[in-house]
1. I'd like the Karplus ³J(HN,Hα) series for the range 148-165: coefficients 6.51, -1.76, 1.60, θ = phi - 60°, whole numbers in Hz, and an x wherever there's a Gly or Pro.
2. In degrees, nearest 10, range 0 to 90: what is the angle between the Cα axis of helix 41-59 and the longest Cα principal axis of the chain?
3. In the Gaussian network model of the chain, springs joining C-alpha atoms below 10 Å, which of Lys130, Lys75, Lys168 carries the largest mean-square fluctuation?
4. Of Lys117/Lys168; Lys85/Lys219; Lys75/Lys130; Lys153/Lys215; Lys85/Lys117; Lys28/Lys75, which sit over 28 Å apart, Cα to Cα?
5. Sequence gap at least 6, Cα distance under 8 Å: using those rules, report the relative contact order of the chain to the nearest whole percent.
6. Let me check I have the definition right: for the range 136-220, take the eigenvalues of the Cα gyration tensor, multiply each by 5, take square roots. What are those semi-axes in whole Å, largest first?
7. Given charges of +1 on the Cβ of Lys and Arg and -1 on the Cβ of Asp and Glu, with all other atoms neutral, how large is the dipole of the range 1-101 about its Cα centre, in debye to the nearest 20?
8. Starting from the amide H of Leu204, placed 1.01 Å from N in the peptide plane, find each other amide H under 5 Å away whose residue is 5 or more places distant or on another chain.
Amino acid sequence: MEENIATDCIVIDDHEQGYDLDLFCIPKHYIEDLERVYIPHGLIMDRTERLARDIMKDMGGHHIVALCVLKGGYKFFADLLDYIKALNRNSDRSIPMTVDFIRLKSYYNDQSTGDIKVIGGDDLSSLAGKNVLIVEDIIDTGKTMRTLLAMLKNYNPQMVKVVSLLVKRTPRSVGYRPDYIGFEVPDKFVVGYALDYNEYFRDLNHICVINENGKLKYKA
Ligand code: IMP
């Protein structure tokens, strides 16, 4: 029987081994705490460039408010917007884009608590009537995004689309799938490129799998 392969993103297989840490530049302070490099920085950038093009094709006709979900989304947000800006300045047709930030928290160590809190950000009433692009780092169970989408609805935006750099394949998923996805990844805890474990590893360029040593060392 033919396997049903999703083509809306790069799918990283459960058996993917990643790359040896010694083949890349890893900060010395993290070398004992990681298993493998999973998604090298260059590949993240190349995929982000294409996501920018897909988003502009669908949404580029109207003023977009790009809403960054902090803190994990800040690198992806900055790089995605750089690519969108490059498209805008090289096109005959371009529309202004404005930015907003929201800060949510739901994780304790490597577990989703399911209890999602807005702990900072802009006044969302400015989103009324706008085309909003939510920029997220990773969808795990999907509870955070479901909650955020329900919350945004109260502010009456004209359109809401979601781009997530990563989506985890997990049995804990509530079934939510964003409009644009960079990579689909196995059910492992990943860090780097602004994704953290208790605030550590944001200062790592590549997306890597944390090891037991790292989990213990940086436990909350
Ligand atoms: P969800 O509500 O279970 O979808 O969790 C989403 C949030 O959990 C993300 O925005 C991240 O902040 C965090 N998260 C989930 N999985 C990981 C991971 O593997 N590494 C780092 N953060 C994660």
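1. Values, residue by residue: 5, 4, 5, 5, 5, 3, 5, 9, 6, x, 6, 8, 10, 10, 10, 10, 10, 4 Hz.
2. Helix 41-59 sits roughly 20 degrees off the main axis of the chain.
3. Lys130
4. Cα-Cα > 28 Å for Lys85/Lys219; Lys153/Lys215; Lys85/Lys117; rest within.
5. Answer for the chain is 26 percent.
6. Its equivalent ellipsoid spans semi-axes of 27, 14, 13 Å.
7. With only Lys, Arg, Asp and Glu charged at Cβ, the dipole is about 800 debye.
8. Long-range HN contacts for Leu204: Tyr193, Ala194.
Throughout, read-outs are computed from the coordinates displayed, never taken from laboratory work. Small disclaimer: the values here were computed from a predicted structure and weren't measured. Don't worry about glycine lacking a Cβ; one is built from the backbone with ideal geometry, like all the others, and counts go over all protein chains shown.
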